[in-house]
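To keep things clear, I will list the structure first and then write my remarks on it.
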Amino acid sequence: MKFTAQTLGLLAGLQSALVSGKPCGPHRPHWKTLAPIPINPRQEHTTLALNTTHLAILGGIVPTPTPSLYATTPLLQLYNTLTNTWHPTPLPPLPVPLNHPNAAAVAGRIYLLGGLDDEGADGIWRGTGRSWVYDFDSQGWSELPELPGVARGSAAVGVDEATGRVYLAGGMTQLPLVEGAGIQESVDVVSVFDTRAGEWVAEGAVAPLPGRRDHAGVVVVDGVMYVLGGRDQGQLNVRGEVFALDFGRVEEGWVTKEGRMPTARGGVCAGAVGGKVYVFGGEGNPVEGSEGVFDQVEAYDTKTDTWEKLGKMEVPRHGTYAAALGGGVYIPGGGIKLGGAPVDTFNVYYP
Ligand SMILES: *[C@@H]1O[C@H](CO)[C@@H](O)[C@H](O)[C@H]1NC(C)=O
């Protein structure tokens, strides 16, 4: 049997249904509140489903003693979906603190393929292409070849399970934190890391995205990578297209789907359950009283290329990252206002 994210999800769902003794029958969509993120609230991190039971969150920004100032964290934390508990201590931290890290879980390892670092004293987070792999057996990070192309964070990351290749689609090369320090530089570049060969595939092997994107939603369903919404040079420049790449026909490049998000949004998070993609929240909402945050939950059916509106997030957020596991979409942390406003809120959506 080939283990895809979907089959893993189904197995975990069965397992948790057995553990909890709950019937497996149909139920209404609902939210469930989970154990909050320990140590620090978190935003602009990445969330990964490691196997049928465990999630990891890595990197991101955390509050500092000065309100309105945030620090980039190297934290790597593990969560058990069966027991609703976080591992009592963080795992060995990322080799450097990164926000908007590009990361993927492949064959039980965590690949960290660049992100934005917090070094500049000029108030600009800049992309780095430095890359590492974390091995759970040796509990250590090893450095990988540096991304040869455009260094960036906030790429849409998808894994081709058949080849062990990790695709980084788009992203941003810099995020100025102060007024007038420059633009949020979005890119359309696509880079590929081959986890089996341990090296980057030659730049340009895969066509660029049909448009520049960062802060997009991303999922892989049945060997097709979907990049949903996102933005182009700034929080308010939200986008609603869906770009798709069939891993079996990579040479054909990206297709812009007919179905557009009912609400164009960036800073969203997404997870797929049973062929449907759920896209949550986002940043850049111009509506008064929204705090600049979107509360929408909308679902994309990959088979019919159509969208459906599904009400509001229980706690509207942006700048988080979802992972689908066991029939639910887990959403740890995120920001509750435009810009930095990290929370430790953690919940799961069962469609
Ligand atoms: C999932 O991964 C975690 C972290 O490595 C590990 O502790 C756990 O035993 C794994 N579970 C399964 C079912 O493989």
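The values are calculated or read from the model by the stated rules, or taken from the named source; none is laboratory data. Fair warning: this is a prediction, and the values are worked out from it, not measured in the lab. Don't worry about glycine lacking a Cβ; one is built from the backbone with ideal geometry, like all the others, and counts go over all protein chains shown. When the accessible area is computed, the model is the full protein with side chains, heavy atoms only, and any ligands, DNA or RNA have been set aside. Shrake-Rupley method; radii C 1.70, N 1.55, O 1.52, S 1.80 Å.
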Under 5 Å between amide H atoms, partner at least 5 residues away or on a different chain: which partners does Ile124 have, H built in plane at 1.01 Å?
Leu177
Mean-position separation - Cα centroids, region 91-116 and region 202-271, in angstrom
21
Sequence-distant residues sharing a close amide H with Tyr70 (under 5 Å, placed H):
none
Taking 0.36 nm per residue of sequence separation and subtracting the Cα-Cα distance, how much length would be gained by fully extending the chain between Thr66 and Thr85, in nm to one decimal?
3.9 nm
Check which residues have an amide H placed less than 5 Å from Val273's amide H, if you skip close sequence neighbours.
Tyr278
Under unit Cβ charges (Lys, Arg +1; Asp, Glu -1), what dipole magnitude, rounded to 20 debye, does region 41-350 have relative to its Cα centre?
440
Tabulate in residue order the Karplus-calculated ³J(HN,Hα) for region 67-74, using 6.51 cos²θ - 1.76 cosθ + 1.60 with θ = phi - 60°, rounded to whole Hz; enter x for Gly and Pro.
x, 6, 10, 10, 10, 7, 10, x
Quickly estimate the mean residue ellipticity at 222 nm for the chain, helices only: each DSSP H run with n ≥ 4 gives -39500 (n - 2.57), and the total goes over all residues, rounded to 500.
-1500 deg cm²/dmol
For region 169-179, just list the computed ³J(HN,Hα) in residue order, Karplus coefficients 6.51, -1.76 and 1.60, θ = phi - 60°, integers in Hz, with x standing in for Gly and Pro.
10, x, x, 10, 8, 7, 10, x, 9, 10, 3
Additional length obtainable on full extension of the chain from Ser138 to Leu177, 0.36 nm per residue less Cα span:
10.3 nm
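What is the chain's relative contact order, in percent, from Cα pairs under 8 angstrom and six or more apart in sequence?
On the way: 1024 pairs, mean separation 54.8, N = 351.
Value for the chain: 16 percent.
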If the chain between Ala107 and Lys32 were fully stretched, how many nm would it gain, using 0.36 nm times the residue separation less the Cα-Cα distance?
24.1 nm
Could you pull out the GluC sites (Glu not before Pro) across region 249-317 that fall in loop regions by DSSP (anything but H, G, I, E, B) with no more than 11 other Cβ atoms inside 10 Å?
Glu258, Glu288
Give me the percent of the accessible area of the chain that comes from carbon and sulfur atoms, probe 1.4 Å, all protein chains in place.
53
Taking the Cβ of Gly292 as the center, what net charge do the other residues with Cβ under 12 Å away carry, scoring Lys and Arg +1 and Asp and Glu -1?
-1
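In the structure displayed, which of Lys257/Lys312; Lys32/Lys312; Lys309/Lys337; Lys257/Lys303 lie more than 19 Å apart, Cα to Cα?
Flagged as over cut-off: Lys257/Lys312; Lys309/Lys337.
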Could you compute the net charge surrounding Glu199? Neighbours are other residues with a C-beta less than 14 Å from the C-beta of Glu199; K and R count +1, D and E count -1.
-2
Tell me, what is the per residue accessible area of the chain in Å², probe radius 1.4 Å?
42
Need the C-alpha centroid separation for region 145-174 versus region 292-351, integer Å.
22
Around Gly248: net Lys/Arg minus Asp/Glu count, Cβ-Cβ under 13 Å:
-4
